[in-house]
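**Q** Can you read through this structure? Questions will come right after.
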Amino acid sequence: MPEGSAVQRLFAGIASRYDLANRVLSLGLCVGWRDRLVAATQTTRPTKVADLATGSGDVAFALRAALPASTTITGYDFCEPMLALGRRRAAKEKVALEFQPGDCMRLPIADEGCDAVTIAYGVRNFEDRARGLRELRRVTKPGGSVFILEFSKPAAWFAPFHFMHVRLISPILAGLLTGDFAAYRYLGTSIAGFPDAAGLTQELKNAGFSEASHESMLFGTVALHRAKK
Ligand SMILES: C[S@@+](CC[C@H](N)C(=O)[O-])C[C@H]1O[C@@H](n2cnc3c(N)ncnc32)[C@H](O)[C@@H]1O
């Protein structure tokens with residue numbers, strides 16, 4: 001698993017072009033995946049949501065648009081330059097969102113402090129995944145849910161296309177967009193080293209969640225996980 005400080009540096013380096021690179025590399029599909037995460041969260045009618053590894057707040061802004069004004073939404077990340085982008089956008093668009101520094105290995109959130117926790121493309125970067133998943137459970141109220149959107153292992157027939165995209169096309173395209181070719185080579189290796197959706201579901205159960213399930217998207221390339229405490 002990657003070292004936390006290296007992940008922090010990596011995202012600080014690409015922060016300003018991160019959202020654009022995501023849209024281009026996923027051919028815009030990431031918007032639909034994010035909206036599935038938001039729709040799933042919405043069904044639980046949460047009053048207090050923590051969006052972890054929020055980056056510049058892509059998920060947090062979408063949650064804000066979908067949930068009632070009475071719902072508190074806070075984005076946490078350990079990369080200041082990403083948080084700064086979220087704060088700037090919230091001020092510009094006059095959106096009620098808070099962004100706070102927070103490392104998923106030791107979150108600045110009280111036990112059972114939220115009734116929904118969301119995290120998109122963050123778990124794959126955890127330095128210690130078992131510890132991070134236990135931390136997600138700690139901050140969730142009994143009966144509350146954690147929603148994880150993450151890259152996964154595609155079906156065998158789709159794997160060569162996925163491999164070519166992630167290992168060859170993405171580093172070049174994103175390298176040209178962000179100026180950082182190495183950051184997007186990391187994307188490929190981090191996906192390869194990550195469990196498949198069934199594996200992550202089992203890890204969520206091991207972390208103590210009472211229920212865990214997932215739905216796969218784009219032939220298994222991405223998965224939306226739901227875990228209930
Ligand atoms: C791929 S970006 C995803 C950002 C956002 N969730 C999105 O969907 O656009 C991953 C983010 O996770 C953050 N991150 C990785 N590990 C973290 C950790 N242990 N604690 C807090 N943030 C973390 C990085 O700083 C980065 O902003």
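**Q** Of all residues in region 141-176 being of a type in the set (Ser, Thr, Tyr) and within 16 Å of the ligand (Cβ to nearest atom), which is nearest to Gly208 (Cα to Cα)?
**A** Top of the filtered list is Ser152.
**Q** If you go through region 35-42 one residue at a time, do you hit one that is farther than 25 Å from Leu20 by Cα and away from the ligand (no atom under 15 Å from the Cβ)?
**A** yes
**Q** Right, something else. Could you identify the single residue in Ala84, Ala120 that is touching a Cys at 6+ places or on another chain (Cβ under 9 Å), within 15 Å of the ligand (Cβ to nearest atom) and within 28 Å of Ala6 (Cβ to Cβ)?
**A** Just one listed residue meets the conditions, Ala120.
**Q** Here is a further query. Would you mind finding the one in Ala91, Ala84, Ala40 that is farther than 24 Å from Gly13 by Cα, among the small types (Gly, Ala, Ser), surrounded by fewer than 22 Cβ atoms within 10 Å (Cβ to Cβ) and at pLDDT 95 or above? Show your work before the answer.
**A** Numbers: Ala91 fails: farther than 24 Å from Gly13 by Cα; Ala84 fails: farther than 24 Å from Gly13 by Cα.
Result of the check over Ala91, Ala84, Ala40: Ala40.
**Q** Something else about it: Output the residues belonging to region 133-149 that are closer than 15 Å to Thr41 by Cβ and touching a helix residue (DSSP H, G or I) at 6+ places or on another chain (Cβ under 7 Å).
**A** Val146, Phe147, Ile148, Leu149, listed by residue number.
**Q** Please pick out the residue among Lys141, Lys153 that is at pLDDT below 95, surrounded by 15 or more Cβ atoms within 10 Å (Cβ to Cβ) and not hydroxyl-bearing (Ser, Thr, Tyr).
**A** Every option except Lys153 fails the conditions.
**Q** Now a separate question. Among the residues of region 95-106, which ones are surrounded by fewer than 21 Cβ atoms within 10 Å (Cβ to Cβ) and within 8 Å of the ligand (Cβ to nearest atom)?
**A** Once the filter is applied, which keeps residues that are surrounded by fewer than 21 Cβ atoms within 10 Å (Cβ to Cβ) and within 8 Å of the ligand (Cβ to nearest atom), region 95-106 yields Asp103, Met105.
**Q** Please specify each residue of region 44-67 satisfying the condition of being buried (at least 24 other Cβ atoms within 10 Å of the Cβ), out of contact with any Asp or Glu (no Cβ under 7 Å at 6 or more places or on another chain) and more than 17 Å from Gly32 (Cα to Cα).
**A** Residues satisfying the conditions are Val49, Ala50, Asp51, Leu52.
**Q** Would you check if Gly75 is farther than 29 Å from Arg167 by Cβ and among the small types (Gly, Ala, Ser)?
**A** Numbers: farther than 29 Å from Arg167 by Cβ: yes; among the small types (Gly, Ala, Ser): yes.
In short, yes.
**Q** List the residue pairs whose Cβ atoms are under 8 Å apart, where the first residue sits in region 113-125 and is free of Cβ contacts under 8 Å to residues at least 60 places away in the same chain, the second is more than 12 Å from the ligand (Cβ to nearest atom), and the two are 6 or more positions apart or on different chains.
**A** none
**Q** Run down Ala53, Ala60 and say which single residue is within 13 Å of the ligand (Cβ to nearest atom), in contact with a strand residue (DSSP E or B) (Cβ under 7 Å, 6 or more places away or on another chain) and under 20 Å from Gly4 (Cβ atoms).
**A** Details: Ala60 fails: under 20 Å from Gly4 (Cβ atoms).
Every option except Ala53 fails the conditions.
**Q** Okay, moving on. Whether any residue in region 127-134 is within 16 Å of the ligand (Cβ to nearest atom) and either crowded, with 22+ Cβ neighbours inside 10 Å or under 17 Å from Asn22 (Cα atoms) (or both) is what I want to check. Step through it out loud before you land on a result.
**A** Going residue by residue through region 127-134, those that are within 16 Å of the ligand (Cβ to nearest atom) are 127-134.
Among the residues that remain, those that are also either crowded, with 22+ Cβ neighbours inside 10 Å or under 17 Å from Asn22 (Cα atoms) (or both) are: 132-133.
Yes: region 127-134 contains one or more residues that are within 16 Å of the ligand (Cβ to nearest atom) and either crowded, with 22+ Cβ neighbours inside 10 Å or under 17 Å from Asn22 (Cα atoms) (or both).
**Q** A follow-up question, please. Evaluate region 23-33: report whether one residue or more is assigned to a loop (DSSP other than H, G, I, E, B), within 13 Å of the ligand (Cβ to nearest atom) and either free of Cβ contacts under 8 Å to residues at least 12 places away in the same chain or more than 20 Å from Leu176 (Cα to Cα) (or both). Before you say what the answer is, go through the steps one by one.
**A** First, the residues of region 23-33 that are assigned to a loop (DSSP other than H, G, I, E, B): 26-28.
Those left that are additionally within 13 Å of the ligand (Cβ to nearest atom): 26.
Next cut, either free of Cβ contacts under 8 Å to residues at least 12 places away in the same chain or more than 20 Å from Leu176 (Cα to Cα) (or both) only: 26.
Looking for residues that are assigned to a loop (DSSP other than H, G, I, E, B), within 13 Å of the ligand (Cβ to nearest atom) and either free of Cβ contacts under 8 Å to residues at least 12 places away in the same chain or more than 20 Å from Leu176 (Cα to Cα) (or both), one finds at least one in region 23-33, hence yes.
The values are calculated or read from the model by the stated rules, or taken from the named source; none is laboratory data. Every value quoted in this text rests on a predicted model; they were computed, and no experiment measured them. No Cβ is skipped: glycine too gets one built from the backbone with ideal geometry, and neighbour counts run over all protein chains shown.
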